[in-house]
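The values are calculated or read from the model by the stated rules, or taken from the named source; none is laboratory data. Small disclaimer: the values here were computed from a predicted structure and weren't measured. Cβ sites come from the backbone with ideal geometry, for glycine too, and all protein chains shown count toward neighbours.
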């Protein structure tokens, strides 16, 4: 059993992963209502809330029972420094009390391996033999803070294939929503309105379309939406469904085009996965699933409640790496 702790941004989370049973306990305390007033996460407020939120979470953990725990896994980086330090302090305190070792896990690797949690749940005893059928793996991590295309080799070494040069895809969704007058966080609201709109009605730019440009960029897209709205004749309220659909299409296209370039360039990938908060977007899931089928690759994705920041993925990443290597810092 591995205790997982996550606090990289505004989610305070604790979980227990058991190698025989999977995720047996998990709790998340969200701060979204607090930060909605400011239109985004305020780091100082987030750090203070973590201090308060971890107290009831630890009580829940104690009530569940942790006598079988062998390891504490905690997010090390990247994230908001003050928030991460709270999680590290909680992990180290637990380590002293329970006399357990602490392993620091890269937050991005937690997301990267989250699509494999359902595969473990399906067949825990044969997980590592089954995992070989998915490696080498191409993973697309899309969230509010990161947009990265990873390659994962047979020995779980990770290489960045492409990453954003400016804004992340999730940030483009949320900032686009703000321009449209939608409340924070607005990414899911854009998706909801987009279902009712015509994605071909308006044209928004896609950056770095050439195969040689393995990078993402969304700042220009966000700026184009601002200029589009400023020049829009009359009120855009009655056209918001079409605007959302077209704007979302530009983001999803940008992501899927780069995935297609990577799959076309290297035939050795056995699977493609998506993770992070934006992987909840059904349009993106459908596009990447279609690409996986086109190139004959397995498609994996996390459970909906494991797409955002959570402690289960941190504990799971420690479990996966622990069976391959003692190097948890890769």
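Test of understanding: among 97, 105, 55, 84, which residue is assigned to a helix (DSSP H, G or I), closer than 27 Å to residue 149 by Cα and not assigned by TED's automatic domain parsing to the domain that holds residue 149? Step through it out loud before you land on a result.
Details: 97 fails: closer than 27 Å to residue 149 by Cα; 105 fails: assigned to a helix (DSSP H, G or I); 55 fails: closer than 27 Å to residue 149 by Cα.
That would be 84, the only listed residue that is assigned to a helix (DSSP H, G or I), closer than 27 Å to residue 149 by Cα and not assigned by TED's automatic domain parsing to the domain that holds residue 149.
Mind telling me which of the residues 114, 67 ends up being under 27 Å from residue 145 (Cα atoms) and either outside any helix (DSSP H, G or I) or touching a helix residue (DSSP H, G or I) at 6+ places or on another chain (Cβ under 6 Å) (or both)?
Going through 114, 67 in turn, just one is under 27 Å from residue 145 (Cα atoms) and either outside any helix (DSSP H, G or I) or touching a helix residue (DSSP H, G or I) at 6+ places or on another chain (Cβ under 6 Å) (or both): 114.
Any residue that is surrounded by fewer than 16 Cβ atoms within 10 Å (Cβ to Cβ), touching a helix residue (DSSP H, G or I) at 6+ places or on another chain (Cβ under 6 Å) and in contact (Cβ under 8 Å) with a residue 40 or more places away in the chain - is there at least one of those in the range 271-286?
no
Test residue 105 against the criterion of being surrounded by 22 or more Cβ atoms within 10 Å (Cβ to Cβ) and touching a strand residue (DSSP E or B) at 6+ places or on another chain (Cβ under 9 Å), and give yes or no. Please lay out each step first, then the result.
Details: surrounded by 22 or more Cβ atoms within 10 Å (Cβ to Cβ): yes; touching a strand residue (DSSP E or B) at 6+ places or on another chain (Cβ under 9 Å): yes.
Taking the combined requirement at face value, the residue satisfies it.
Can you say whether residue 129 is over 23 Å from the mean Cα position of the chain (by Cα) and either outside any helix (DSSP H, G or I) or farther than 26 Å from residue 52 by Cβ (or both), as far as the supplied structure shows? Even if it seems obvious, please write down each step before you answer.
Details: over 23 Å from the mean Cα position of the chain (by Cα): yes; either outside any helix (DSSP H, G or I) or farther than 26 Å from residue 52 by Cβ (or both): yes.
Here the answer is yes, as residue 129 does meet what is asked.
Limited to the range 180-228, what total is found for residues that are over 21 Å from residue 166 (Cβ atoms) and assigned to a loop (DSSP other than H, G, I, E, B)? Let's see the steps before the verdict.
Taking the range 180-228 and keeping what is over 21 Å from residue 166 (Cβ atoms), we get 181-183, 188-189, 191-202.
Next cut, assigned to a loop (DSSP other than H, G, I, E, B) only: 181-183, 195-202.
Of the residues in that region, 11 qualify.
Looking at the range 17-37, which of the residues that are at pLDDT 95 or above and closer than 23 Å to residue 55 by Cβ is surrounded by the fewest Cβ atoms within 10 Å (Cβ to Cβ)?
Residue satisfying both the conditions and the ranking: 24.
Just one of (1) over 19 Å from residue 278 (Cβ atoms); (2) at pLDDT 95 or above trips up residue 191, so point out which.
In the conditions (1) over 19 Å from residue 278 (Cβ atoms); (2) at pLDDT 95 or above, residue 191 misses (1) alone.
Considering only the range 147-179, how many residues are free of Cβ contacts under 8 Å to residues at least 40 places away in the same chain and either in a loop (DSSP other than H, G, I, E, B) or surrounded by fewer than 17 Cβ atoms within 10 Å (Cβ to Cβ) (or both)?
Adding up the residues that qualify gives 4.
For residue 312, all conditions in the list (1) under 20 Å from the mean Cα position of the chain (by Cα); (2) outside the structural domain of residue 41 (by TED's automatic domain parsing); (3) in contact (Cβ under 8 Å) with a residue 24 or more places away in the chain hold save one; what is the number of the exception?
Failed condition: (2).
Among the residues of the range 229-242, what is the count of those that are free of Cβ contacts under 8 Å to residues at least 60 places away in the same chain and in a helix (DSSP H, G or I)?
Matching residues across the range 229-242 total 8.
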